[in-house]
Amino acid sequence: MSELTQLDSWLALAKHYDEIKDVHMREMFDADANRFEKYSLQINNILYDYSKNRVTDETMGLLLQLAKDADVASKIEAMFNGEHINHTEDRAVLHTALRDNSSESIMVDGIDVLPEIKAERERVKALAEKIRTREWRGASNQAITDVVNIGIGGSHLGPLMVNEALRPHSLHDLNVHFVSNIDENHINDTLEYLNPETTFFIIASKTFTTQDTMVNAETARQWFINKLGSEEQIHRHFSAVTSNVPLAKEFGIAEENVFKMWDWVGGRYSLWSAIGLSIVIAIGSEAFDELLEGAHDVDVHFQEAPLEKNIPVIMALLGVWYNNFFDAQSMAVLPYDQHLHRFPAYLQQADMESNGKYVDMQGNTVDYTTGPVLFGEIGIAGQHAFFQLLHQGTKLVPADILAPVYSFRCIARHHRALMSNVFAQTEALMRGKTEDEARDELAAEGLTEEQIENLVPYKVFPGNRPTSTLLFDTLDPKTLGAIVALYEHKIFVQGVVWNINSFDQWGVELGKQLAKSILHELNNDNYINTHDSSTNGLINHYKKRRSMKTGTEQEG
Ligand code: G6Q
């Protein structure tokens, strides 16, 4: 049995769960007029309301005791101190250093990394500003109108999410595109309308060996050369962000256009590094600094706030409460700000790649569940799609709701209607609708007794479905930086409680390995029998159908 499940606080939580599992949040709100004041916290202009969760003072006390027993405070210190907490890759985890403008030095393996971080950031800003101000000239002395970021996973989702989120803060006559899929449609659809003379590519790859990115990068390079008839101008149109500088140079990218990242920055935590080049080009250096500043404010809060007032810690503990005691398998992230439409996808990687693990820090199989299945969508869209299951399904799906007090243009008619939905959903999920309430409503509509009895079961909402709400003034760069950092640290704290390494990702390797060997098998039309019957069958069917199309397939 694991140490975790033997902790007094864990055992006490299990007992407490039995006592509280049938208590309705309606009763909790009725019993305590100060529930909102008690269970809400604020950082900068972000209000975190967690009062609509199935917790009491006793629950919170036990969860905080669990955090203490799991040594959360010293683990936080270890991360910020540059200890090699990513033990399977023997690396420090210091994305926080990338947004730290106040420390005098940050040591990693005996070296102060701050000067290098700052120098690299200045290089990124210098290039970005040249492109933004049109000083940077492309092949025929034209200014850049389109930037294409080629990357995948952590080298894609963060910059994409931020670029979408900060769209109102971006230059409107400079388009930023993202290509990640090795499916040729992605790059072809993107390049189709672009002019090579005004297009600038960023090859974003920490390793510079990722198949998807390298195949797309090569296609982009060929497209550029074919269109312009020579390789000469590549240095004006291609840049790279990587920790593998030699490979980027070998690809043909001029050294002055290669930006460095470090092994202590994990891919899914890298948007703060030069991987954010596309962000700086879009929103400019000052706004990028604000993004970093917002994240840094949260870093300071995370290090200094006592556990009971520490927002990422509370977010994490609530997740543990539902995951491990209520046996909730999933969690929903529901932004009500259109510009956060890629936030659920971004967070899905951040959370599921970090905490989707069954082996603990000592190499043992855990005997408790870890990271939830995270999904989400713009809240309003979700309301007309999967919210049915949230309200009346058989599964408990705790949800985070994110919403702005005012939107960018602030058209009151739109925004008030939007916000009425935010407040209504959290209330509906919490309160539900009782049988009596449903009956009264149907009676008021003039239905007969018989009609009412037939319909009532379907009109009841059990409620007691937890939501936490992040209500922020508006989605400016600083606020976005803070929101992202809150989630990064939440994920880390959960990893600490579950005693897993949130910073490696061995689970993505097996598929990659097999794809490599299968790729060789696809290079000819011979039928194969080296796999299980399903995989053989699928591959052979593909080869048969493909050969019927011979002549249309192109090598390249
Ligand atoms: C993130 C993962 C993974 C990685 C991609 C791209 O934490 O490590 O998503 O970011 O596989 O890797 P490269 O940047 O090396 O191409």
**OP:** Could you tell me which of the residues THR59, THR133 is polar (S, T, N, Q) and surrounded by 15 or more Cβ atoms within 10 Å (Cβ to Cβ)?
**Re:** THR59
Subject >> Residue in the stretch 233-253 that is away from the ligand (no atom under 12 Å from the Cβ), of a type in the set (A, V, I, L, M), surrounded by 22 or more Cβ atoms within 10 Å (Cβ to Cβ) and at pLDDT 95 or above present >> reply: yes
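Could you tell me how many of the residues in the stretch 297-345 are over 21 Å from ASN45 (Cβ atoms) and out of contact with any Gly (no Cβ under 6 Å at 6 or more places or on another chain)? Give the steps one after another, and end with the answer.
Filtering the stretch 297-345 down to residues over 21 Å from ASN45 (Cβ atoms) leaves 306-308, 316-332, 341-342, 344-345.
With the extra rule that they be out of contact with any Gly (no Cβ under 6 Å at 6 or more places or on another chain), the set shrinks to 306-308, 316-331, 341-342, 345.
Selection size over the stretch 297-345: 22.
Could you please let me know if ARG123 is in contact with a Gly (Cβ under 9 Å, 6 or more places away or on another chain) and at pLDDT 95 or above?
Details: in contact with a Gly (Cβ under 9 Å, 6 or more places away or on another chain): no; at pLDDT 95 or above: yes.
The answer is no for ARG123.
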Original post:
Out of curiosity, is LEU271 under 16 Å from LEU157 (Cβ atoms), touching a residue at least 40 places away in the same chain (Cβ under 8 Å) and away from the ligand (no atom under 16 Å from the Cβ)?
Top reply: no
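Looking only at the stretch 509-519, decide whether some residue is more than 30 Å from HIS87 (Cα to Cα) and not β-branched (Val, Ile, Thr).
If we filter the stretch 509-519 for residues that are more than 30 Å from HIS87 (Cα to Cα), which is where we start, we get 518-519.
Then keep just the ones that are not β-branched (Val, Ile, Thr); that gives 519.
There is at least one residue in the stretch 509-519 that is more than 30 Å from HIS87 (Cα to Cα) and not β-branched (Val, Ile, Thr).
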Original post:
Out of curiosity, is SER354 within 16 Å of the ligand (Cβ to nearest atom), at pLDDT 95 or above, over 21 Å from ARG54 (Cβ atoms) and of a type in the set (Ser, Thr, Tyr)?
Top reply: yes
Original post:
Limited to the stretch 301-337, what total is found for residues that are in contact (Cβ under 8 Å) with a residue 60 or more places away in the chain and either more than 20 Å from SER9 (Cα to Cα) or touching a His at 6+ places or on another chain (Cβ under 7 Å) (or both)?
Top reply: 14
Subject >> Single condition TYR406 does not satisfy, out of (1) over 18 Å from ALA316 (Cα atoms); (2) assigned to a loop (DSSP other than H, G, I, E, B); (3) in contact with a strand residue (DSSP E or B) (Cβ under 6 Å, 6 or more places away or on another chain) >> reply: (3)
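Enumerate the helices (runs of 4 or more DSSP H) found wholly within the stretch 97-204, keeping only those where 3 or more residues are within 16 Å of the ligand (Cβ to nearest atom). I'd like the intermediate steps shown before the answer.
Values: elements: 114-132, 157-165, 184-191.
Filter on the stretch 97-204 gives 157-165.
Could you check, for the stretch 485-494, whether at least one of its residues is closer than 22 Å to ASN324 by Cβ and charged (D, E, K, R)?
Keep residues of the stretch 485-494 that are closer than 22 Å to ASN324 by Cβ, which gives 486-494.
Pick out the ones that are also charged (D, E, K, R) and you get 488, 490.
Yes, the stretch 485-494 contains at least one residue that is closer than 22 Å to ASN324 by Cβ and charged (D, E, K, R).
Do any helices (runs of 4 or more DSSP H) entirely within the stretch 242-340 hold 2 or more residues that are under 17 Å from ASN163 (Cβ atoms) and over 19 Å from the mean Cα position of the chain (by Cα), and if so, which?
Working: elements: 245-250, 277-283, 285-304, 311-320.
Filter on the stretch 242-340 gives 277-283, 285-304.
Within the stretch 435-455, is there a residue that is farther than 24 Å from ARG99 by Cβ and touching a Pro at 6+ places or on another chain (Cβ under 9 Å)? If you could, list the steps in order and put the result at the bottom.
Step one: of the stretch 435-455, the residues farther than 24 Å from ARG99 by Cβ are 435-455.
Among the residues that remain, those that are also touching a Pro at 6+ places or on another chain (Cβ under 9 Å) are: 435, 438.
Yes, the stretch 435-455 contains at least one residue that is farther than 24 Å from ARG99 by Cβ and touching a Pro at 6+ places or on another chain (Cβ under 9 Å).
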Original post:
Quick one: what pairs do we get from the stretch 80-96, first residue without any contact (Cβ under 8 Å) to a residue 12 or more places away in the chain and at negative phi, second in a loop (DSSP other than H, G, I, E, B) and among the aliphatic types (A, V, I, L, M), C-beta under 8 Å, 6+ apart or different chains?
Top reply: GLU83/ALA92; HIS84/ALA92
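Please report, ordered by residue number, the helices (runs of 4 or more DSSP H) entirely within the stretch 448-549 with at least 1 residues that are within 16 Å of the ligand (Cβ to nearest atom), acidic (Asp, Glu) and out of contact with any helix residue (DSSP H, G or I) (no Cβ under 7 Å at 6 or more places or on another chain).
Details: elements: 449-459, 477-497, 509-521, 533-548.
In the stretch 448-549, the matching helices (runs of 4 or more DSSP H) lie at 509-521.
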Original post:
What are the pairs, 6+ residues apart or on separate chains, where a residue within the stretch 382-407 that is without any contact (Cβ under 8 Å) to a residue 12 or more places away in the chain has its Cβ under 8 Å from a residue that is of a type outside the set (D, E, K, R)?
Top reply: LEU389/VAL397
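Quick check on VAL215: is it within 30 Å of ALA350 (Cβ to Cβ), touching a residue at least 24 places away in the same chain (Cβ under 8 Å), within 16 Å of the ligand (Cβ to nearest atom) and surrounded by fewer than 17 Cβ atoms within 10 Å (Cβ to Cβ)? Working first, answer last.
Values: within 30 Å of ALA350 (Cβ to Cβ): yes; touching a residue at least 24 places away in the same chain (Cβ under 8 Å): yes; within 16 Å of the ligand (Cβ to nearest atom): yes; surrounded by fewer than 17 Cβ atoms within 10 Å (Cβ to Cβ): yes.
Yes.
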Original post:
Restricted to the stretch 218-232, and to residues that are surrounded by fewer than 14 Cβ atoms within 10 Å (Cβ to Cβ) and polar (S, T, N, Q), which residue is farthest from the ligand (Cβ to nearest atom)?
Top reply: SER230
Original post:
Quick check: anything in the stretch 99-110 crowded, with 19+ Cβ neighbours inside 10 Å and free of Cβ contacts under 8 Å to residues at least 60 places away in the same chain?
Top reply: yes
Original post:
In the stretch 362-393, which residues are surrounded by 15 or more Cβ atoms within 10 Å (Cβ to Cβ) and in a loop (DSSP other than H, G, I, E, B)?
Top reply: VAL366, TYR368, THR370, GLY371, PRO372, GLU377, ILE378, PHE386
Subject >> Breaking point among (1) crowded, with 20+ Cβ neighbours inside 10 Å; (2) more than 26 Å from the chain's Cα centre (by Cα); (3) of a type in the set (Lys, Arg); (4) farther than 28 Å from SER407 by Cα, for ARG123 >> reply: (1)
Subject >> Total residues in the stretch 167-183, condition under 25 Å from the mean Cα position of the chain (by Cα) and free of Cβ contacts under 8 Å to residues at least 60 places away in the same chain >> reply: 7
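The values are calculated or read from the model by the stated rules, or taken from the named source; none is laboratory data. Keep in mind it's a predicted model, so treat the numbers as computed, not measured. For neighbour counting, all protein chains shown are included, and Cβ atoms are generated from backbone atoms with ideal geometry for every residue, glycine included.
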